[in-house]
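This report refers to the structure that appears directly beneath it.
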Amino acid sequence: MNKEFLENYVELALKIGINLQKNQCLVIMSPVETADFTRKLVEKAYEIGASEVIVHWSDDFCKKMDFIYKDKLLFENIPDWQLESLMSYANKGAAFLSIAANDPELLKGIDSEKIAISQKTRNIKFKPYYDKVMGNEIQWNILSVPTKSWAKKIFENCSEEKAVQKLWDAIIYSVKADTPDPIETWKKHLDTLKEKMDYLNNKQFEKLIITNSLGTNLTVQMPKNHIWASGKDVTKNNIEFVANIPTEEVFSLPHKYGVNGIVYASKPLNYGGTLIEDFSITFKDGKIIDFKAAHGKEALESLINTDEGSKYLGEIALVPFDSPISNSNILFYNTLFDENASCHLAIGQAYPSCIQDGDKMDSETMEKNGVNDSLTHVDFMFGTDDLNILGIAKNMKKENIFIKGNWAF
């Protein structure tokens, strides 16, 4: 790995991603397989001025052994200390950085009931922490680092070493760490996303009509006073951060009860170690009333049945087909990358920051304003090279937002 590019990536994570402040605590969630990169993050964070750096390690092998051998009833409980640890750091203003680099097929062949129980238990247990994340109460960032199993899934015809190298190259390119001045490159990139965001916010379209040749024909009503957001977020303490590296999206929330029609996924979804492939979802008055999947249907059903809110959408995100990650022609089997190569929707929780005064709304007010609440938030991709999106204004005037997969303005 090119040492300069690697150092650039570490700096981007800490300075652009979470925007680590002097004397701030940093919590890193990392697979053990990415320990070398995580150690570089720890070292650089202290150099920048972190007061403390805590690493929560995870291990795919141990996780798989748990699912193979543990009784399913044991997945119904998670020790309190796991949530208490996250909340204690969050409550004192820590920043959180997560490395998403799991084996896409880690749980292939595992008892689907165990997976469903585990996922629902985690969603319930960690909701107080997820609420802080979704409400932008803390700085947070997700990025990825190659692992052997992940790399081999993408580049199956390469040797393990070559596959890892190719994935490193793809990631470094996607996150712009190979540019002469990555920090400045990212600032310009965020400004470009902001231009699209500002345009959509000024328009305040009432509805979006989405179509493509896969069969997607979806009408999405937007709530009154909705807000489009882009790569840069701001915490309640007015600290800017970028939640995803890479990021190519401009996103908002659909009205909970205003989605009608059918959408076809354009890429597989890696959900909890299971790949869901070739699937479609049908909506009526916002609610999922039907779904199909060639592979992973049980996992999709489990996701949809997480709770009442997981039968509705919480996010719509627009990503041009002609973007760096999409143009790489790599299917990453990793939502962080695949969602930034494609327009996507999210099942479940909406971001309160995507509606005016959302941070001040209680659950009843959110419901009245069409803001979905759920234990989960899972993105799936629907963007294609022939995707068209039409915006319908209050006066019923129509305007093209996307033509053939790309921005029309």
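For Ser98, what residues show an amide H to amide H distance below 5 Å, using hydrogens built from the backbone and excluding near sequence neighbours? The answer is Met29, Asn141, Ile142, Leu143.
Which of the lysines could a cross-linker bridge to Lys148, judged by Cα under 18 Å and excluding same-chain residues fewer than eight apart? Answer for Lys148, where 18 Å is the Cα cut-off: Lys63, Lys64, Lys108, Lys162, Lys166, listed by chain and number.
With the simple spin-label model, which puts each label point 7 Å out from Cα in the Cβ direction, the Glu364 to Lys287 separation comes to 2.3 nm.
Here Lys187 and Val55 are evaluated by their C-beta separation; at R0 = 35 Å the FRET efficiency comes out at 0.75.
What share of the DSSP beta bridges in the chain is antiparallel, in percent to the nearest 5? Antiparallel bridges make up about 75 percent of those DSSP assigns within the chain. Go through Lys207/Lys236; Lys207/Lys398; Lys22/Lys188; Lys92/Lys120; Lys132/Lys360 and tell me which ones have a Cα-Cα distance over 18 Å in this structure. Over 18 Å Cα-Cα: Lys207/Lys236; Lys22/Lys188; Lys92/Lys120.
Working note: Karplus 6.51/-1.76/1.60 with θ = phi - 60° gives the range 135-149 the couplings x, 6, 7, 10, 7, 8, 8, 10, 9, 9, 9, x, 10, 4, 5 Hz, where Gly and Pro are set to x.
The stretch between Asp178 and Asn329 holds 52.5 nm of extra length on full extension. This uses 0.36 nm per residue minus the Cα-Cα distance. Summarising the overall dimensions of the range 79-228 from its C-alpha atoms, the Rg and Dmax are 20.4, 53 angstrom.
On full extension, the segment bounded by Glu4 and Asn217 gains 72.1 nm, given 0.36 nm per residue less the C-alpha separation. Here the peptides 268-279, 398-409 are ranked by packing, the mean other Cβ count within 10 Å, and the order with the highest first is 268-279, 398-409. Each distinct pair of alpha carbons in the chain adds a 1/r term; the inverse of their mean, the Kirkwood radius, is 21.7 Å.
Potential lengthening of the chain between Glu76 and Lys236 amounts to 54.2 nm, from the contour at 0.36 nm per residue minus the alpha-carbon distance.
Each residue of the range 184-195 was assigned a 3J(HN,Hα) from its phi angle through the Karplus expression (A = 6.51, B = -1.76, C = 1.60, θ = phi - 60°), giving 5, 4, 5, 4, 5, 4, 5, 5, 5, 4, 5, 4 Hz with x at Gly and Pro.
Pairs of Cα atoms nearer than 8 Å and 6+ residues apart set the relative contact order; for the chain it is 15 percent.
Each of Thr247, Thr147 was scored by other Cβ atoms within 10 Å of its Cβ. Listed from fewest to most, they are Thr147, Thr247.
From a point 7 Å beyond the Cα of Lys64 in the direction of its Cβ, which residues of the range 80-112 have a backbone N at a distance under 12 Å? Residues passing the 12 Å test: 103-110.
Rounded to the nearest whole Hz, the Karplus-based 3J(HN,Hα) values (6.51 cos²θ - 1.76 cosθ + 1.60, θ = phi - 60°) of the range 247-262 follow the sequence 8, 9, 9, 10, 9, 8, 10, x, 5, 3, 9, x, 10, 9, x, 10, with x at glycine and proline. Our compactness index for the range 3-174, the C-alpha radius of gyration over the empirical 2.2 N^0.38 Å, is 1.11. Note on Glu113/Met396: beta-carbon distance plugged into 1/(1 + (r/R0)^6) with R0 of 56 Å gives a FRET efficiency of 0.70.
Only the coordinates and a few stated rules stand behind these numbers; no lab work does. Here the structure is a predicted model, which means the values were calculated and not measured. Ideal geometry is used to build each Cβ from the backbone, glycine not excepted, and the neighbour counts take in all protein chains shown.
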